[in-house]
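A.B. asks: Okay, here's the structure, questions in a sec.
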Amino acid sequence: MIKKERQVSGFIVKLEALVRRMPEMEPGRERAISQLNKRKAGYSGEQKLDYYLSF
């Protein structure tokens, strides 16, 4: 039984805002996008695990 609902990490929200505001040609933009994709994949995996643990 899961007592506390999973929420999107504050770090993911901040990275999304950063990527939205960065210009296309900014040198660090690719790194920020890569980090964001890794974090989103981890969050998605946690959600999938929650489904199976709910039984």
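A.B. asks: Between ARG29 and LYS3, what is 0.36 nm times their sequence separation minus the Cα-Cα distance? Round to one decimal in nm. Display every interim value, and only then the final one.
C.D. replies: Values: separation 26, 0.36 × 26 = 9.36 nm, distance 3.71 nm.
Length difference between fully extended and current span is 5.6 nm.
A.B. asks: In addition: Which lysines have a Cα lying under 24 Å from the Cα of LYS38, excluding residues fewer than 8 positions away in the same chain?
C.D. replies: LYS4, LYS14, LYS48
A.B. asks: In addition: State, to one decimal in nm, how far the label point of PHE11 lies from the label point of TYR51, with both points 7 Å from Cα in the Cβ direction.
C.D. replies: For the pair PHE11/TYR51, the computed spacing is 2.5 nm.
A.B. asks: Please work out which option in [x] 1.14; [y] 0.98; [z] 0.94 gives Rg/Rh (Cα atoms, Kirkwood Rh) calculated from these coordinates, and answer with its label.
C.D. replies: The value computed from this structure is option [x].
A.B. asks: Report the relative contact order of the chain, percent, no decimals, based on alpha-carbon pairs under 8 angstrom and at least 6 residues apart.
C.D. replies: Reported as a whole number, the value is 52 percent.
Since every read-out is calculated from the coordinates, none of them should be taken as a lab result. Note that the structure is predicted; figures quoted are calculated from it, not measured. Counting neighbours? That spans all protein chains shown, and the Cβs are built from the backbone with ideal geometry, glycine included.
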